Each structure stands twice: as structure tokens, then as C-alpha cells.
Amino acid sequence: MPLVTVSTPERGERIFVMGDTIEALRQSAIKAFNLPVGESYEVCRESDGVKILTDEVLHFLSNSESNGKNLEVLLSPSSTAQSECAQTTPTSTVSNVLGNIGNSNSQASYPPLPMRNIVEILNPILEVALNPDDGQVTPLQYFQMKKVAIRETYQEISKFIRKKAKSYSFPTAKHYAQLVLSYDSGKFSRLFEVKVGSTVKSGLSAFTLQIYNNLNYRKTEKKTRRPRRRLLETQSEEDVDDVVPLPSEITSASYGCAAYAATLPPDETEESQEKSRIDLLSMDPDSTEASVLMERTYPTQRAVINQRKVKDVFIMWPLLKHRTHLCSHADRLLGKDVRNVWSHNLGNKCGRFNDYMLAHFASENKKKSTTITRSMLSLLKEKDQVDGILQQEQANSLALFPLLVGYNKEDSNLLFRVMPATTTTEELKEIDCQLPVLIIRGESLFDPLASTDLIVGNERVSTVNAIDGFLLVFLSYFVFGLQYPKNLSSSLEFIQRLLLDINPEVGSKKERTPRDANYIDAKVRQLTEQLTFHCSAWNVCRF
């Protein structure tokens with residue numbers, strides 16, 4: 001009579017059971033584990049999840065175990081067998097987070113995934129996440145531990161897929177990623193969550209990509225055929241059925257806007273709006289009356305902006321070239337006091353940001369000194385040499401922008417340019433730049449005597465200082481409905497989400513297809529997580 005080691009999907013307990021037949025084995029295990037008698041159960045081999053259907057196979061496997069080891073099997077409800085029987089019914093919360101992604105593949109025949117090794121990998125990390133204040137693990141240590149555990153998890157899944165599923169497709173990777181996130185009522189789901197600003201996503205897409213890329217691009221000594229293009233941000237073409245379409249009313253221009261298109265007030269007509277526009281052409285930009293009329297004509301301004309080029313907008317509404325009116329327009333467009341949000345977030349976040357960047361670039365420079373690492377370390381040194389308390393605070397805020405662009409390896413000339421202090425206004429007009437860019441006329445970014453101007457649509461907007469200028473550069477992308485340029489998109493999305501708290505659920509100002517409209521930029525996600533855990537105490541572990 002075979003002696004078999006039996007466990008349940010929860011893996012909380014393992015027992016020895018003897019039985020000549022599968023049915024006898026099943027009944028003994030049900031009694032030992034005190035399982036519901038009314039349900040039907042299947043027996044699978046623990047090592048690979050293969051079902052054992054006949055008594056002959058049971059006896060053969062028991063006799064073939066080497067080194068005197070007992071056959072190890074998993075007893076699981078037959079209703080969940082296709083999802084490893086280790087996947088329990090998700091709670092409503094987990095279901096809402098994961099949504100219905102992957103339903104098109106739910107009927108596919110996937111070998112069940114053994115969860116024992118994965119549970120052993122993730123359980124210690126979950127214990128830290130549930131008890132962060134026990135003082136044994138710092139946030140940075142937790143972040144490093146979690147990173148290693150997730151890597152070991154997707155490597156374990158990839159190894160199983162190569163051996164048993166033998167399908168390297170994106171839907172296969174997503175199927176097994178879902179099993180892990182929904183296992184035991186979403187027990188481990190919090191370890192995979194992606195938090196950027198006020199946005200919290202399940203992390204399913206990121207985890208799926210990790211599995212998929214490990215399957216298809218793992219370094220091996222064997223020469224293989226040329227692999228498919230690596231997936232960084234988007235889904236594969238095989239994943240078309242799982243697309244969450246972007247609502248037709250959301251475009252890159254309206255993305256993140258609270259009042260993209262406004263209706264006329266009851267006491268206003270097109271004629272009265274046009275009269276106000278004509279009056280504004282000859283009005284003092286700093287007058288109270290100008291502010292009142294600009295607020296009143298906001299609906300018409302939006303109608304023009306949404307249909308015209310930036311240059312034409314400035315011809316019809318020249319007061320938008322004044323920072324006060326441009327910011328007031330952005331306040332209403334985005335539904336928040338942008339200047340207050342900007343100054344608050346910069347003040348709270350630039351300190352830890354600069355600390356992290358110093359540690360990051362110093363570490364990178366030790367590994368391999370490059371032009372980027374040397375220039376970023378030089379910039380940080382220059383920042384620390386600024387005299388005066390007020391100037392030092394401004395320098396800390398200003399350093400964030402070139403450091404961010406350098407970290408993302410993007411083009412800083414698309415964000416700002418330092419030019420000689422002798423550059424004239426006429427020379428500024430010759431700069432051919434349709435997208436917003438900040439021009440700093442001075443010795444450096446930190447020059448307290450430098451003058452700054454926003455150039456957008458080949459038009460000039462005066463700014464108070466460089467910090468104010470960076471705000472206007474960013475706001476111009478939203479006010480004038482411009483897309484983020486490819487070589488600056490990650491930095492701009494970071495500013496959008498972390499400095500101005502603009503975190504829409506769907507859409508993007510990057511050039512994306514509707515199929516990946518729900519993705520947070522990978523560089524933004526990774527940097528935010530690094531910054532979150534770059535601290536020594538859990539009570540300040542946020543960014």
C-alpha cells in the first residue's frame with residue numbers, strides 16, 4: 001500500500017496518507033484535513049501539478065520515487081484544478097483591482113502552477129509589509145528584499161512555463177501572473193501594487209512583463225533564434241482581446257483636464273465674449289478688470305485653443321503670454337491651484353530627491369564613470385556651493401530638474417537651455433521651438449541674477465525665476481494640448497504625477513496606442529518606488 005505525502009492548496013499542513021486507490025487516498029486526506037465532504041477533489045503530483053487519474057499511475061509513481069522519498073501530491077477541489085487548485089476565489093477587492101483582464105484566455109488549457117516555492121519566497125516579505133514597525137527591517141532593506149523576492153518569483157514561474165506549459169506568449173505570462181496575485185484571496189497582491197502619486201494599480205501588467213521578458217530574453221549559453229522585440233511598456237499583439245479601450249472623449253490634449261471644454265454662462269453669448277476679447281487687446285495685463293474678463297471668457301479661450309495653433313492663440317488672446325493669466329487659466333483647466341501644489345510638493349520632495357540622486361550617481365560612477373554620472377555629480381557639487389539660505393532652497397528645487405532628466409537619460413535641451421546673459425530679446429525670437437522650453441540667460445542654472453523666459457510656439461512668455469519657469473513650461477503642455485516629446489516623456493510624466501498631482505486613471509500625453517493607455521511609465525514607476533524607500537524610518541516612507 002503506497003505511503004503518500006499529501007498537502008492542500010493552502011500548504012499550511014502536510015500529512016502522510018496510505019491508500020491502495022486514488023479514491024481511498026482522497027477519502028483519507030479529506031478526513032485528515034477536515035475538508036468539506038460534499039465537494040469533489042482531484043489529486044495532482046506536487047512537483048509539477050500533473051493530475052493522477054488512475055490507480056495504476058498512482059502505484060507506478062509511488063514505486064518510481066528515488067532515494068526512498070514518498071510521492072508528494074496535492075489534493076485540490078476539481079472546480080479550481082485548472083488554475084493550479086492553489087488559486088482560491090478572489091475577494092471583491094482583488095477582483096476589482098485585477099478586473100476582467102485575461103478572461104479571453106480563461107478557458108485555455110494551462111498546466112496548474114505549483115505554489116509551494118512561490119509561497120516560501122513571498123511569505124517573509126509579506127510579514128515585513130504587514131508589520132513594518134517592528135524595527136528589524138528598514139524601508140530600504142525591505143525594498144531590496146522585495147525586489148529580490150519578486151525576481152525569484154517570476155524566475156520560478158518562467159522555469160515552470162518552460163518545462164510544462166511550453167508557451168512563451170504574453171497571454172501565458174499573464175495567466176500565471178494572475179494566479180500569483182489572486183492566490184489565497186489576494187494574499188500577496190499588496191507586494192505587487194504600483195503606487196505613483198495618488199494612483200494605485202495592481203501591478204499585474206508590470207509583473208506580467210517581467211515573466212514574459214524572462215521567458216523570451218533570458219541570457220543563455222546556447223545560441224537560439226533571434227527573439228521577438230522586448231516588451232517595455234506595451235502589450236504584445238497576442239493580447240488584443242484584453243484591451244481596455246480608451247474612452248473616445250479622452251485624448252492626449254484633454255488628458256488630465258478638469259475643464260478641457262467649457263460652456264458659456266447663461267448671461268453670456270458669443271457676441272459678448274467677442275466684445276470682451278476685443279477689450280482685452282488694449283487692456284493693462286495687471287489690472288483687476290483684465291483678470292475678471294479673462295476668467296469670464298475662459299470658455300471661448302478653450303474653444304480657440306482646442307482648434308488653433310499656439311501662435312494663433314497668442315494673436316487672439318495675447319494676455320495668455322503673461323504668467324499670471326496663463327497660471328489662472330491652468331488653475332481652472334486642471335481644477336487645482338497649480339502654484340500652491342507646485343511649491344508645496346517641491347518643498348517637501350526635493351530634499352529626499354537630491355539625497356537619492358547623490359547616492360545613485362555616486363554608486364553608478366564607482367561602477368563605471370560616464371559623462372552623465374560625472375556631470376550630475378558636478379551639478380550636485382555646484383548646488384551645494386550656492387551662498388545664502390534663500391538661494392540654497394531655490395538651488396535644491398532647481399537641481400531636481402536636470403537630475404531627473406539625467407536619471408532618465410533624456411534630452412535636457414527639450415526642457416531648458418542656459419544661454420549667455422548677453423542674449424537679447426531679439427535673439428530669443430529667433431529660437432525655433434514649437435514645444436515649451438525654458439531659456440535661462442545667465443552663467444548657470446543656479447545664477448541668482450539670471451533672467452528666464454518660456455518659449456512656446458516661437459512666442460516668448462516672461463517668468464519670475466527659473467522655478468516659476470519650469471512650472472510654466474510644464475503647464476504649457478496641458479494648456480495648449482501638446483504631447484510629451486519622446487525624449488522627455490518620462491521626466492514630464494514624473495513632474496505631472498509627483499509634483500502637480502495629476503494622476504488620471506486612463507490616458508497619456510505620450511504618443512501611445514489605446515491598448516496601453518492604462519500604463520504608468522516604467523521609469524516613473526521605478527524611480528518613485530526607489531524614492532519611497534530611500535529613508536531610514538517607516539513613518540517617513542512615502543514620496
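The values are calculated or read from the model by the stated rules, or taken from the named source; none is laboratory data. All figures in this text were calculated on a predicted structure; none of them were measured in a lab. Quick reminder, even Gly has a Cβ in these numbers, built from the backbone with ideal geometry, and neighbours come from all protein chains shown.
Considering only the range 180-198, I want to know if a residue exists there that is part of a loop (DSSP other than H, G, I, E, B) and modelled with pLDDT of 90 or more. Yes, because at least one residue in the range 180-198 is part of a loop (DSSP other than H, G, I, E, B) and modelled with pLDDT of 90 or more.
Condition first: within 26 Å of the chain's Cα centre (by Cα), at pLDDT 85 or above and surrounded by 14 or more Cβ atoms within 10 Å (Cβ to Cβ). Now tell me which residues in the range 98-128 satisfy that. Result: Ile118, Val119, Ile121, Leu122, Ile125, Leu126, Val128. For Glu427, the stated conditions do not hold, so it cannot be described as in a loop (DSSP other than H, G, I, E, B) and not aliphatic (A, V, I, L, M). Hey, among the residues in the range 13-33 that are loosely packed, with under 12 Cβ neighbours inside 10 Å and more than 13 Å from Asn70 (Cα to Cα), which one's modelled with the highest pLDDT? Here the answer is Glu23.
Could you tell me whether any residue of the range 495-503 is part of a loop (DSSP other than H, G, I, E, B), surrounded by 23 or more Cβ atoms within 10 Å (Cβ to Cβ), in contact with a helix residue (DSSP H, G or I) (Cβ under 6 Å, 6 or more places away or on another chain) and touching a residue at least 60 places away in the same chain (Cβ under 8 Å)? There is at least one residue in the range 495-503 that is part of a loop (DSSP other than H, G, I, E, B), surrounded by 23 or more Cβ atoms within 10 Å (Cβ to Cβ), in contact with a helix residue (DSSP H, G or I) (Cβ under 6 Å, 6 or more places away or on another chain) and touching a residue at least 60 places away in the same chain (Cβ under 8 Å). Filter the range 351-367 for residues that are of a type in the set (A, V, I, L, M) and in contact (Cβ under 8 Å) with a residue 40 or more places away in the chain and give the result. Passing the criteria: Met357, Ala359. When the residues of the range 171-209 are filtered to those that are out of contact with any strand residue (DSSP E or B) (no Cβ under 6 Å at 6 or more places or on another chain) and among the basic types (Lys, Arg), the one that is farthest from Glu505 (Cα to Cα) is Lys187.
Rundown of residues vs (1) surrounded by 15 or more Cβ atoms within 10 Å (Cβ to Cβ); (2) polar (S, T, N, Q); (3) assigned to a helix (DSSP H, G or I), yes/no style:
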site: Pro285; (1), (2), (3): yes, no, no
site: Glu289; (1), (2), (3): no, no, yes
site: Val292; (1), (2), (3): no, no, yes
site: Gln301; (1), (2), (3): yes, yes, yes
site: Gln307; (1), (2), (3): no, yes, no
site: Phe314; (1), (2), (3): yes, no, yes
site: Leu320; (1), (2), (3): yes, no, yes
site: Trp342; (1), (2), (3): yes, no, yes
site: Asn345; (1), (2), (3): yes, yes, yes
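Counting residues in the range 128-143 that are over 16 Å from Ser189 (Cα atoms), among the hydrophobic types (A, V, I, L, M, F, W, C) and free of Cβ contacts under 8 Å to residues at least 40 places away in the same chain gives one or more. Residues of the range 334-350 include none that is within 21 Å of Gln273 (Cβ to Cβ), in contact (Cβ under 8 Å) with a residue 12 or more places away in the chain and not assigned by TED's automatic domain parsing to the domain that holds Leu435.
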